[in-house]
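J.: Sharing a structure here in structure tokens format.
The values are calculated or read from the model by the stated rules, or taken from the named source; none is laboratory data. Just so it is clear, the structure is predicted and the values come from calculations on it, not from any experiment. All Cβ positions, even for glycine, are placed from backbone atoms using ideal geometry, and neighbour counts span all protein chains on display.
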Amino acid sequence: MTVERASTRGDGPVREVDALVIGAGQAGLSAAYHLRRRGLAPHTGFVVLDADDAPGGAWAHRSPSLTMATVHGFHDLPDFELPATDPATEARVAVPGYFAAYEAKHALPVLRPVKVLAVRERPDGRPDGGPDGRLLVETDAGRWATRALLNATGTWTRPFLPRYPGRFAGRQLHYADYRGPAAFAGQRVVVVGGGASAVQVLSELGAVAETVWVTRTPPVFHEGPFTEEFGREVVARVDERVRAGLPVRSVVSVTGLGPSVAYRRAEELGVLHRRPMFDRLTEHGVAWGDEELPVDAIVWATGFRAELTHLAPLGLRTPGGGIRMDGTRVADDPRIHLLGYGPSASTVGANRAGRTAVNEVLHLLHPTPQPAAV
């Protein structure tokens with residue numbers, strides 16, 4: 001569903017809602033489901049703005065080589081199971097189809113494509129320009145004013161590329177632009193990164209190319225299943241950082257690399273032999289001190305950063321570079337919730353975050369009357 005384009009210069013109409021969700025990935029759809037289930041009216045009570053042309057979130061942009069058999073964990077959205085799917089189906093086909101069916105089943109008010117440009121305080125028209133308690137959401141399709149904001153923009157649109165001295169004349173790409181092993185057949189490829197994405201790339205390239213795996217720190221392999229107890233420990237450690245306003249670290253830095261289809265395949269191919277991070281790039285490859293290794297390509301599986309640039313006008317970041325959180329809520333502004341951020345950066349975490357955030361948003365919108373003091 002699309003919306004009529006409107007001016008963003010301040011002279012167009014402002015549509016008012018009680019709650020506004022940015023992003024229609026796992027976390028955004030979970031939040032939208034709970035908002036509707038708890039009684040907020042679609043379009044007039046709440047709305048979901050999504051920058052993509054079609055459903056699917058980040059899944060729609062994944063490599064065609066990522067199949068449902070190699071997806072590293074997926075949890076159903078609330079009140080609708082992912083239909084039985086052939087394991088060979090591309091994840092970029094299966095999951096967007098599931099998201100589209102979910103939006104239709106629950107009649108969620110998702111407007112797309114709508115790109116959010118900035119979120120700021122809405123002045124109330126007084127001479128001092130003071131805020132009126134609502135947030136003004138400026139987009140390329142008009143403006144909305146909302147009492148509560150549930151930000152679920154994820155990380156896919158902000159791939160992280162570290163800087164190293166030197167310049168490489170060959171092909172370089174981030175994992176976000178990786179489209180499978182065929183283009184690298186017969187080549188020598190450096191894969192940079194210690195997470196699940198790097199392992200996926202190694203598990204595919206290892207069958208057609210010579211690979212060199214480099215990581216900044218030695219990878220930690222987690223043996224055995226990810227139990228509920230271990231999961232709670234991981235969430236607690238990530239939560240501790242965001243409560244302190246520190247930048248979010250990668251999940252694998254806490255969990256380590258666990259068993260998966262891709263991991264087992266990479267192990268069978270014998271490509272999980274890690275080398276330390278190179279010192280610099282050269283015209284023809286990478287170098288450690290006096291040792292230079294000629295390579296054909298470098299795949300940077302170096303992760304992503306949270307897409308929060310549109311929230312910059314609100315000044316939420318701490319001097320440490322992160323945003324101080326209390327659960328899903330921004331600690332310094334109870335109107336704003338970040339979903340899929342920190343401990344909720346997984347499909348199961350996103351589901352829980354959507355429910356938790358909506359509970360708090362409803363309390364903000366309709367606070368429970370307190371008994372009079374005696």
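J.: So which of 81, 90 is surrounded by fewer than 15 Cβ atoms within 10 Å (Cβ to Cβ), without any contact (Cβ under 8 Å) to a residue 60 or more places away in the chain and either on the phi > 0 side of the Ramachandran plot or charged (D, E, K, R) (or both)?
T.: Result: 81 is the single residue among 81, 90 that is surrounded by fewer than 15 Cβ atoms within 10 Å (Cβ to Cβ), without any contact (Cβ under 8 Å) to a residue 60 or more places away in the chain and either on the phi > 0 side of the Ramachandran plot or charged (D, E, K, R) (or both).
J.: Something else about it: Would the stretch 189-205 turn up any residue that is assigned to a loop (DSSP other than H, G, I, E, B) and either farther than 16 Å from residue 300 by Cα or in the same structural domain as residue 52 (by TED's automatic domain parsing) (or both)?
T.: For the stretch 189-205, residues assigned to a loop (DSSP other than H, G, I, E, B) and either farther than 16 Å from residue 300 by Cα or in the same structural domain as residue 52 (by TED's automatic domain parsing) (or both): absent.
J.: Here's something else I'd like to know. Any residue at all in the stretch 32-43 that is surrounded by 16 or more Cβ atoms within 10 Å (Cβ to Cβ), modelled with pLDDT of 95 or more and farther than 18 Å from residue 357 by Cα?
T.: Within the stretch 32-43, not a single residue is surrounded by 16 or more Cβ atoms within 10 Å (Cβ to Cβ), modelled with pLDDT of 95 or more and farther than 18 Å from residue 357 by Cα.
J.: Looking at residue 106, is it surrounded by fewer than 21 Cβ atoms within 10 Å (Cβ to Cβ), closer than 21 Å to residue 50 by Cβ, in contact (Cβ under 8 Å) with a residue 60 or more places away in the chain and under 18 Å from the mean Cα position of the chain (by Cα)?
T.: Criteria not met by residue 106.
J.: Something else about it: Report, ordered by the first and then the second residue, all pairs with beta carbons closer than 8 Å, sequence separation of six or more or different chains, a first member in the stretch 314-329 that is in contact (Cβ under 8 Å) with a residue 12 or more places away in the chain and not assigned by TED's automatic domain parsing to the domain that holds residue 150, and a second member that is surrounded by 20 or more Cβ atoms within 10 Å (Cβ to Cβ) and in a loop (DSSP other than H, G, I, E, B).
T.: none
J.: Mind checking whether some residue in the stretch 365-372 is modelled with pLDDT of 90 or more and either assigned by TED's automatic domain parsing to the domain that holds residue 197 or at negative phi (or both)?
T.: Within the stretch 365-372, one or more residues are modelled with pLDDT of 90 or more and either assigned by TED's automatic domain parsing to the domain that holds residue 197 or at negative phi (or both).
J.: Could you please find all residues in the stretch 67-92 being among the aliphatic types (A, V, I, L, M) and over 19 Å from residue 110 (Cβ atoms)?
T.: Once the filter is applied, which keeps residues that are among the aliphatic types (A, V, I, L, M) and over 19 Å from residue 110 (Cβ atoms), the stretch 67-92 yields 68, 69, 71, 84, 88, 91.
J.: Looking at the stretch 154-166 only, could you name the residues that are out of contact with any Leu (no Cβ under 6 Å at 6 or more places or on another chain) and not polar (S, T, N, Q)?
T.: 154, 156, 158, 159, 160, 161, 162, 163, 165
J.: Another one. Before we move on, is residue 18 in a loop (DSSP other than H, G, I, E, B) and either at pLDDT 95 or above or over 15 Å from residue 107 (Cβ atoms) (or both)?
T.: Considered against the rule, which asks whether it is in a loop (DSSP other than H, G, I, E, B) and either at pLDDT 95 or above or over 15 Å from residue 107 (Cβ atoms) (or both), residue 18 comes out as no.
J.: Still on this model: Tell me which of these residue 194 doesn't satisfy, since it passes every other one: (1) surrounded by 19 or more Cβ atoms within 10 Å (Cβ to Cβ); (2) on the phi < 0 side of the Ramachandran plot; (3) at pLDDT 95 or above.
T.: (3)
J.: Continuing with this model, one more query. I'd like to check something: does the stretch 342-360 contain any residue that is modelled with pLDDT of 90 or more, in contact with a Lys or Arg (Cβ under 7 Å, 6 or more places away or on another chain) and surrounded by 20 or more Cβ atoms within 10 Å (Cβ to Cβ)?
T.: The answer is yes; a qualifying residue exists.
J.: Another question, if that's okay. For residues that are in contact with a strand residue (DSSP E or B) (Cβ under 6 Å, 6 or more places away or on another chain) and crowded, with 16+ Cβ neighbours inside 10 Å, scanning just the stretch 46-66, find the one that is farthest from residue 111 (Cα to Cα).
T.: Across the stretch 46-66, the extreme among qualifying residues is 46.
J.: Residue pairs, Cβ under 8 Å, 6 or more apart or interchain, first in the stretch 30-42 and more than 19 Å from residue 349 (Cα to Cα), second small (Gly, Ala, Ser). List them.
T.: Between residues of the stretch 30-42 that are more than 19 Å from residue 349 (Cα to Cα) and residues that are small (Gly, Ala, Ser), the close pairs are 36/107; 39/45; 40/19; 42/107.
J.: Could you list all residues from the stretch 262-302 that are among the hydroxyl-bearing types (Ser, Thr, Tyr) and under 22 Å from residue 195 (Cα atoms)?
T.: 263, 302
J.: Of the residues 154, 142, which single one is on the phi > 0 side of the Ramachandran plot, under 17 Å from the mean Cα position of the chain (by Cα) and not aliphatic (A, V, I, L, M)?
T.: 154
J.: State whether the residues of the stretch 295-309 include one that is part of a loop (DSSP other than H, G, I, E, B), at negative phi and of a type in the set (Lys, Arg).
T.: Scanning the stretch 295-309 turns up at least one residue that is part of a loop (DSSP other than H, G, I, E, B), at negative phi and of a type in the set (Lys, Arg).
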